[in-house]
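Participant: One structure coming up, written as structure tokens, with questions to follow.
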Amino acid sequence: MKISANEIDWKGGLSSKTDRLAQHICAFANLSGGGFLVFGISDDAEFEELDKATIEETTKKLGNIAKNNLAWSIQLEHAVLEYEGHALLFIRIPEQQNKPVYLRGKDIYEAYIRSAGHTVKMSREQVHEMIGQTHGITFEKQVAISSLSKDSVLELLDYKKL
């Protein structure tokens, strides 16, 4: 199984920034196929030691964030795997069917997505597109522009060239 940079985010340890962790979970929940937070490897590609207490604290904190900090609760999965004698904690955030997932207490435009291996806020257009995709509205059925006069429609279509 091949995983892209958008589907995985390596972490040396658990951040104290709950809001940023909620954004990461949100982004993976909005990603096709979901994604993974992997703890135990720093940004410098160095192993960070994970003991049982750290693993338990990390899974508990992330589970609480997934339950309490998003517009609706999502279920996370986790596994500890050993690589070259080092424990790595994999947290799987599954793709959600009802999208976009956004932050609790905010409006729907406080939604995040993965882009080029980073978590970024979605634009209004991306939110609208995701809502359309989630509800099965094809591109052809989407409204491009509304409230136009007949003359404006003909001008935009440039029917004379056709």
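Participant: Using modelled amide H (1.01 Å from N, peptide plane; none on Pro or chain starts), what sits under 5 Å from the amide H of Ile8, excluding residues fewer than 5 places away?
Facilitator: HN-HN under 5 Å from Ile8: Phe36.
Participant: For Val80 paired with Glu129, estimate the spin-label separation in nm (one decimal), with each label point 7 Å from Cα along the Cα-to-Cβ line.
Facilitator: Going by the 7 Å Cα→Cβ label model, 4.1 nm.
Participant: Rg(Cα) of region 1-143 divided by 2.2 N^0.38 Å? All intermediate terms of the calculation are to be shown ahead of the outcome.
Facilitator: Values: Rg = 15.9 Å, N = 143, 2.2 N^0.38 = 14.5 Å.
So the Cα radius of gyration is 1.09 times the expected 2.2 N^0.38 Å.
Participant: Something else now. Average the reciprocal distances over every distinct pair of alpha-carbons in region 7-77, invert the result, and give the Kirkwood radius in Å. Working shown, then result.
Facilitator: Values: mean 1/r = 0.0792 Å⁻¹.
Taking every pair of different Cα atoms in region 7-77, averaging 1/r and inverting gives 12.6 Å.
Participant: Next question. Report, ordered by chain and residue number, the lysines lying within cross-link reach of Lys150, taken as a straight Cα distance under 17 Å and ignoring same-chain residues fewer than 8 apart.
Facilitator: Lys160
Participant: Gain in length, Phe47 to Lys17, computed as 0.36 nm per residue apart minus the alpha-carbon separation, to one decimal in nm?
Facilitator: On the way: separation 30, 0.36 × 30 = 10.80 nm, distance 2.13 nm.
Here the answer is 8.7 nm.
Participant: Let me ask another. Between region 1-53 and region 87-113, how many Å separate their Cα centres?
Facilitator: Cα centres, region 1-53 to region 87-113: 13 Å.
Participant: Something else now. Taking the Cα centre of the chain as origin and charging only Cβ (+1 Lys, Arg; -1 Asp, Glu), how large is the dipole, in debye to the nearest 20? Each step should come with its number before you reach the end.
Facilitator: Working: 19 positive and 23 negative charges, 156 e Å.
I would put it at about 740 debye.
Participant: Still on this structure, please answer the following. Please give the contour-minus-distance gain from Tyr109 to Glu57: 0.36 nm per residue of separation, less the Cα-Cα distance, rounded to one decimal in nm.
Facilitator: Details: separation 52, 0.36 × 52 = 18.72 nm, distance 3.03 nm.
Residue separation times 0.36 nm, minus the Cα-Cα distance, leaves 15.7 nm.
Participant: If the cut-off is a Cα-Cα distance under 26 Å, which lysines reach Lys99, setting aside same-chain residues fewer than 8 apart in sequence?
Facilitator: Lys2, Lys11, Lys17, Lys60, Lys61, Lys67, Lys121, Lys141
Participant: Please list Lys160, Lys67, Lys60 from largest to smallest accessible area, probe radius 1.4 Å, with all protein chains kept in place. Please report the intermediate quantities before stating the final value.
Facilitator: Working: Lys160 165, Lys67 115, Lys60 140 Å².
I get Lys160, Lys60, Lys67, largest accessible area first.
Participant: Considering only protein heavy atoms, with the full assembly of protein chains and a 1.4 angstrom probe, order Glu155, Glu57 by accessible area, largest first.
Facilitator: Details: Glu155 150, Glu57 115 Å².
Heavy-atom accessible area, descending, gives Glu155, Glu57.
Participant: Turning to a different aspect of this structure: Do you know the relative contact order of region 1-128, to the nearest whole percent, from alpha carbon pairs under 8 angstrom that are 6+ apart? Walk me through the numbers on the way to the answer.
Facilitator: Numbers: 236 pairs, mean separation 39.7, N = 128.
After rounding, I find 31 percent.
The values are calculated or read from the model by the stated rules, or taken from the named source; none is laboratory data. What you see is a predicted model; the values in this text were computed from it and never measured. Backbone-built Cβ (ideal geometry, glycine too); neighbour counts: all protein chains shown. Ligands, DNA and RNA are stripped out before the accessible areas are found, and what is left, the full protein with its side chains, is counted by its heavy atoms. Shrake-Rupley method; radii C 1.70, N 1.55, O 1.52, S 1.80 Å.
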